[in-house]
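Asker: Below is the structure I would like to discuss, written out as structure tokens.
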Amino acid sequence: MNFCGTQNSVKREQDDGMISLINIVFLMLIFFMVAGQIQRSDAVKLDPPLSASETAQRQDRVTLLVGPDRGLWFEHKLIADQELAAELNAALAAAEAPDQLSILVKVDGALAVSRLQEVLREIKRAGFPKVSLATQHSELNS
Amino acid sequence: MLLDQGVGKRSKRINITPLIDIVFILLLFFMLSSNFQHWRQIDLSSAEKTEENTEKKTVRLLRILDDQGVFTVDGKSIARGDQIAMQRLIHEEPEAVFAIEAAEGVQTQSVISLLDSLKQQGAKHVSLAGVLP
């Protein structure tokens with residue numbers, strides 16, 4: 001007359017199936033924690049140009065993003081074209097070492113070069129010593 | 001008649017259901033927020049380069065005409081995929097600065113691909129014309 005006992009064993013058998021599921025979930029959790037990087041996503045979805053460049057991105061930098069619709073985002077803030085010069089100068093003035101400050105320009109691969117050149121000219125005028133372009137690694141596209 | 005025995009045993013075991021809930025929530029968080037894009041960068045200019053003596057170097061102007069990778073240099077047109085012509089161009093003057101300019105409407109990807117090809121064929125100084133040193 002052990003009703004609870006039989007009920008328990010049925011429940012335990014159901015739980016046994018769950019254990020393998022929990023194992024998988026743990027493994028996936030560890031994989032995503034170790035392999036993934038958590039970083040702030042871009043303001044607009046970009047398809048960066050592919051390049052064979054192996055240079056890793058520096059961390060101490062300001063970011064200027066040019067969207068596929070030609071919009072400008074400076075440090076995740078949408079700005080108008082006329083404000084760019086002022087923002088760049090402000091960033092240089094706020095930097096501890098202005099001669100070491102680097103700027104990373106993120107553009108869409110399909111963006112017209114003339115637009116990129118406009119932005120780069122503005123950056124050159126502001127006097128940034130280091131300018132780099134964000135790319136995505138791929139084997140050479142010939 | 002030990003009807004309560006089973007219940008008593010069960011209450012002693014630690015309940016792992018909330019633990020699994022938390023693990024699920026953590027898993028969802030990491031799955032949604034982690035990023036597997038491998039970003040790289042191309043340096044367009046640096047302080048060291050501007051200090052170098054640039055006046056001695058000759059500048060070869062390369063003009064990209066379209067997104068197929070055809071460019072002209074001194075009136076000759078060369079395809080980006082044409083390795084022999086590219087190598088000949090670079091071996092003529094390995095120390096020259098290869099400045100790239102683009103026709104209207106050319107995509108950034110084409111310029112980056114040409115920069116890559118030039119570097120792979122041995123060009124030492126590559127730049128974007130009229131923008132950066």
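The values are calculated or read from the model by the stated rules, or taken from the named source; none is laboratory data. Note that the structure is a prediction, hence the values are computed from the model and not measured. For neighbour counting, all protein chains shown are included, and Cβ atoms are generated from backbone atoms with ideal geometry for every residue, glycine included.
Asker: Conditions first: (1) modelled with pLDDT of 85 or more; (2) part of a loop (DSSP other than H, G, I, E, B). A:Phe31 passes all but one, so which condition is the exception?
Answerer: The single condition A:Phe31 does not satisfy is (2).
Asker: List the helices (runs of 4 or more DSSP H) that sit entirely inside the stretch B:24-133 and contain at least 2 residues that are modelled with pLDDT of 80 or more. Give the derivation first.
Answerer: Values: elements: B:47-51, B:83-92, B:108-120.
In the stretch B:24-133, the matching helices (runs of 4 or more DSSP H) lie at B:83-92, B:108-120.
Asker: Among residues belonging to the stretch A:15-53 that are of a type in the set (Gly, Ala, Ser) and under 21 Å from the mean Cα position of the chain (by Cα), point out the one that is surrounded by the most Cβ atoms within 10 Å (Cβ to Cβ). Explain how you work it out, then say what you get.
Answerer: Here is the first cut: in the stretch A:15-53, the residues of a type in the set (Gly, Ala, Ser) are A:17, A:20, A:35-36, A:41, A:43, A:51-53.
Among the residues that remain, those that are also under 21 Å from the mean Cα position of the chain (by Cα) are: A:35-36, A:41, A:43, A:51-53.
Working: A:Ala35: 10, A:Gly36: 15, A:Ser41: 11, A:Ala43: 15, A:Ser51: 25, A:Ala52: 19, A:Ser53: 22.
Checked the stretch A:15-53; the qualifying residue surrounded by the most Cβ atoms within 10 Å (Cβ to Cβ) is A:Ser51.
Asker: Answer yes if at least one residue in the stretch A:98-118 is small (Gly, Ala, Ser) and farther than 21 Å from B:Thr108 by Cα, and no otherwise.
Answerer: First, pick out the residues of the stretch A:98-118 that are small (Gly, Ala, Ser): A:102, A:109-110, A:112, A:114.
Remaining after also requiring farther than 21 Å from B:Thr108 by Cα: none.
No - not one qualifying residue is present in the stretch A:98-118.
Asker: Could you say which residue among A:Ala95, A:Ala80 is over 22 Å from B:Leu128 (Cβ atoms), modelled with pLDDT under 85 and touching a Leu at 6+ places or on another chain (Cβ under 8 Å)?
Answerer: Values: A:Ala80 fails: modelled with pLDDT under 85.
Result of the check over A:Ala95, A:Ala80: A:Ala95.
Asker: Is it true that some residue in the stretch B:66-74 is more than 9 Å from every other protein chain (Cβ to nearest Cβ), among the hydrophobic types (A, V, I, L, M, F, W, C) and within 24 Å of A:Pro48 (Cβ to Cβ)?
Answerer: Yes, there is a match, as at least one residue in the stretch B:66-74 is more than 9 Å from every other protein chain (Cβ to nearest Cβ), among the hydrophobic types (A, V, I, L, M, F, W, C) and within 24 Å of A:Pro48 (Cβ to Cβ).
Asker: Select from the stretch A:122-137 the residues that are of a type outside the set (A, V, I, L, M, F, W, C) and at the interface with another protein chain (Cβ under 7 Å from one of its Cβ atoms) and write down the one among them that is nearest to A:Asp99 (Cα to Cα).
Answerer: First pass over the stretch A:122-137, keeping only residues of a type outside the set (A, V, I, L, M, F, W, C): A:122, A:124-125, A:127, A:129-130, A:132, A:135-137.
Of the ones still in play, those that are also at the interface with another protein chain (Cβ under 7 Å from one of its Cβ atoms) are A:124, A:129-130, A:132, A:135-137.
Values: A:Lys124: 13, A:Pro129: 6, A:Lys130: 8, A:Ser132: 15, A:Thr135: 24, A:Gln136: 27, A:His137: 28 Å.
Looking at the filtered set, the residue picked out is A:Pro129.
Asker: Follow-up question, since we're still on this one. Could you give every pair whose Cβ atoms fall below 9 Å, whose first residue belongs to the stretch A:109-136 and is over 22 Å from A:Ser51 (Cα atoms), and whose second residue is hydrophobic (A, V, I, L, M, F, W, C) and part of a strand (DSSP E or B), counting only separations of at least 6 or pairs across chains?
Answerer: A:Ile123/A:Leu64; A:Ile123/A:Ile103; A:Ile123/A:Val105; A:Ile123/A:Val131; A:Lys124/A:Val131; A:Ala126/A:Ile103; A:Phe128/A:Val62; A:Phe128/A:Ile103
Asker: Go through the stretch A:56-96 and give me each residue that's more than 13 Å from the chain's Cα centre (by Cα), surrounded by 11 or more Cβ atoms within 10 Å (Cβ to Cβ), in a loop (DSSP other than H, G, I, E, B) and free of Cβ contacts under 8 Å to residues at least 40 places away in the same chain.
Answerer: Listed by number, the residues that qualify are A:Gly71, A:Ala95.
Asker: Can you name the residue in the stretch A:98-121 that is part of a loop (DSSP other than H, G, I, E, B) and either surrounded by 17 or more Cβ atoms within 10 Å (Cβ to Cβ) or at pLDDT 85 or above (or both) and, of all such residues, is farthest from the other protein chains (Cβ to nearest Cβ)? Steps first, please.
Answerer: Filtering the stretch A:98-121 down to residues part of a loop (DSSP other than H, G, I, E, B) leaves A:98-101, A:108-111.
Then drop every residue that is not either surrounded by 17 or more Cβ atoms within 10 Å (Cβ to Cβ) or at pLDDT 85 or above (or both), which leaves A:101, A:108-111.
Details: A:Leu101: 11, A:Asp108: 7, A:Gly109: 4, A:Ala110: 5, A:Leu111: 5 Å.
In this case the residue turns out to be A:Leu101.
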